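A quick write-up on the structure given underneath.
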Amino acid sequence: MRTASWRGRTHAEGPSAATLIPSPAKTGVPPDILRQVKLLELRTRGLVNSLFSGEYRSVFKGQGMEFSEVREYQQGDEVRSIDWNVTARMRRPYVKRYIEERELTVMLAVDLSGSERFGTRRRFKSELASELSAVLAMSAIRNNDRVGTLLFTDHVEHVVPPRKGRKHALRLMRDLLAFEPTGRGTDIAGATDYLNKMLAHKTIIFFVSDFIAPDVERPLKLLAQRHDVVAVSVEDPSEIELPDIGLARLVDPESGETIDVDTSDARVREAFEWSVNTEREERKHLLRRLAIDEVQVRTDGSIVEPLFRFFRARETRKRVR
């Protein structure tokens with residue numbers, strides 16, 4: 001078994017966020033969840049209003065183009081807009097016309113597998129994913145865009161179709177905080193397949209996960225061929241560097257398997273670090289090859305700077321084009 005396969009899957013002391021919060025579908029929304037939603041809204045609304053509103057609008061607004069019609073070629077039309085199939089059929093040149101999309105659709109695909117219910121610093125990875133997703137949802141709503149969520153583990157757990165409005169955004173936040181998944185594994189292929197079938201038009205998809213799953217290249221490639229995909233990788237410092245805490249028993253919350261590791265052995269820590277760095281580099285090259293942007297966030301840090309870097313990089317590429 002590879003050392004990296006245990007990365008992010010150790011059992012943290014205390015109950016996970018999912019076990020603390022009952023499913024709203026079964027028991028209604030508890031008062032403490034409503035308080036958490038309100039606090040999350042206030043925190044994310046402040047970030048959106050003061051920091052991300054202009055960045056989101058400049059990067060995404062009007063970026064999409066929707067097919068309008070085919071008409072006969074006119075002098076001045078770009079050659080690359082010629083529809084060669086229609087041209088061959090009609091025996092004279094025709095071009096495709098597009099109109100700029102004034103409203104966008106944003107989808108938040110959030111991984112709720114067992115490895116997300118882990119954290120050794122300020123919060124669980126699932127809590128970090130919820131906060132970042134809330135910021136993106138509020139940014140979309142403020143920009144009058146539609147936003148929805150898909151929560152998944154080893155199967156698609158919960159789907160909220162994209163809609164507009166503050167009330168809808170609050171519902172998404174509630175689900176992100178309160179939903180209790182039934183699965184523990186990770187099926188990225190199943191989630192991407194569901195999204196491809198669900199979304200008829202080009203959508204901005206923020207795929208929030210630790211990407212601890214096998215064979216992710218093909219499903220991400222198929223999704224990125226139709227949509228604008230942004231990979232948000234959620235990490236904890238202990239997943240990157242194995243702490244020296246002596247003999248430790250690691251438990252995989254997705255499979256239940258256990259392994260005893262002597263973390264005081266320098267060779268063990270070096271092998272762990274090498275495996276993790278190799279895996280991260282492979283993911284980075286894969287996403288670059290698929291033209292998928294990556295936003296890296298950590299449980300011991302803020303989401304502000306990673307999002308700013310993402311928006312700035314997008315804006316720079318947009319100006320270059």
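Odds and ends about this structure:
- Added length on full extension, which subtracts the Cα-Cα distance from 0.36 nm per residue, residue 282 to residue 81: 68.7 nm
- Distance between the pseudo-spin-label points of residue 249 and residue 202 (7 Å out from Cα toward the beta carbon): 5.3 nm.
- When a 1.4 Å probe is rolled over the protein heavy atoms, the share of accessible surface on the range 68-204 that falls to carbon and sulfur comes to 45 percent.
- Each listed q (0.14, 0.17, 0.19, 0.20 Å⁻¹) maps to a log10 I(q)/I(0) for the range 142-197, found by the Debye formula over equal Cα scatterers with no solvent: -0.42, -0.59, -0.71, -0.77.
- The length gained on full extension between residue 260 and residue 123, counted as 0.36 nm times the residue separation minus their Cα-Cα distance, comes to 46.8 nm.
- Backbone geometry of the range 178-185 corresponds, through the Karplus equation with coefficients 6.51, -1.76 and 1.60 at θ = phi - 60°, to 3J(HN,Hα) couplings of 9, 5, 9, x, 8, x, 10, x Hz, x marking Gly and Pro.
- For the pair residue 300 and residue 275, label points projected 7 Å from Cα toward Cβ lie 2.1 nm apart.
- Alpha-carbon Debye profile of the range 62-189, log10 I(q)/I(0) at 0.13 Å⁻¹: -0.67
- Here is the P(r) of the range 115-217: all C-alpha pair distances, binned every 10 Å from 0, give 14, 46, 34, 6 in whole percents.
The values are calculated or read from the model by the stated rules, or taken from the named source; none is laboratory data. On a predicted model such as this, the values are computed, not experimentally measured, just so you know. Quick reminder, even Gly has a Cβ in these numbers, built from the backbone with ideal geometry, and neighbours come from all protein chains shown. When the accessible area is computed, the model is the full protein with side chains, heavy atoms only, and any ligands, DNA or RNA have been set aside. Shrake-Rupley method; radii C 1.70, N 1.55, O 1.52, S 1.80 Å.
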